[in-house]
1. Could you provide, to the nearest whole Å², the per residue accessible area of the chain with probe 1.4 Å?
2. Restricting to Cα pairs below 8 Å that are 6+ residues apart, what does the relative contact order work out to for the chain? Please round to a whole percent.
3. Taking the Cα centre of the chain as origin, sum charge times position over the Cβ atoms of Lys and Arg (+1) and Asp and Glu (-1), and report the length of that vector in debye to the nearest 20.
4. Could you tell me the calculated FRET efficiency between residue 57 and residue 184, based on Cβ-Cβ distance and R0 = 45 angstrom, to the nearest 0.05?
5. Could you identify which residue out of 78, 175, 156 has the top mean-square fluctuation in a GNM of the chain using Cα springs shorter than 10 Å?
6. How would you order 177-185, 96-104 from highest to lowest mean count of nearby Cβ atoms within 10 Å?
7. If you take every DSSP beta bridge whose two residues both sit in the stretch 81-189, what share of them, in percent to the nearest 5, is antiparallel?
8. Candidates (1) 77, 40, 33; (2) 51, 36, 26; (3) 43, 41, 34; which is the computed Cα extents along the principal axes in Å?
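The values are calculated or read from the model by the stated rules, or taken from the named source; none is laboratory data. Just so you know, these numbers come straight off a predicted model, no measurement behind them. Cβ sites come from the backbone with ideal geometry, for glycine too, and all protein chains shown count toward neighbours. Side chains are part of the model used for accessible areas, which takes the heavy atoms of the whole protein and leaves out ligands, DNA and RNA. Shrake-Rupley method; radii C 1.70, N 1.55, O 1.52, S 1.80 Å.
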Amino acid sequence: MYAISLGDDGAELCPLEPWQAEEFLHHVDRGREFIGQHNGLPDVVTDLESSRAFLTTYAQRTASDTGRLYGIRSDGELVGAVLFRRFDAAQGVAEAGCWLEPAAVGRGLVTRAVRTIIDWAVEHRGIHRVEWWVSAENQPSIAVARRLGMTKEAVLRESYPYRGKRHDEEIWSVLAPQWRAARAAGTHA
């Protein structure tokens, strides 16, 4: 398997595939309560079969060029993931997302991983706009959007029904010219 280094601390970005369903399930189980605060993944991945199904869905999205899923590893252990929930190369628009186990929080892993996939999307795939949809209550995820130089564009009031409550959703984005200018100026977090 291949991996992309995320820095000097040994963290890596690597593919997540259906054959890794057991490891993926264990990862979700370790972070189930924490991840589930704002992300529906723990409600979807509940056993080995649903874990395999989730990874298969993203394998199919990769094959059809409509999405991507990458694991974040620290010292070889799966601790989180970043993804393109939507990926439309023809329109030049993608939506990025993420999650982490609690033990991996606070080390910049998501910021570094998302930076890597945005670089790829903008420079190799011609994506013009990368979106970040986030619950308005998810301050750590909003902080990632800010560190990546994204602009808050909208608040969709009570648009996100989750676990019996309606939540506001924020839409953040970065455009390819902004992304390239920030990288050239060395201002990416």
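1. For the chain, the solvent-accessible area averages 49 Å² per residue.
2. Result for the chain is 16 percent.
3. 640
4. Approximately 0.80, to the nearest 0.05.
5. Looking only at 78, 175, 156, the largest GNM fluctuation is found for 156.
6. Sorting 177-185, 96-104 by mean packing, highest first, produces 96-104, 177-185.
7. 85
8. Computed from the coordinates, Cα extents along the principal axes in Å corresponds to (3).
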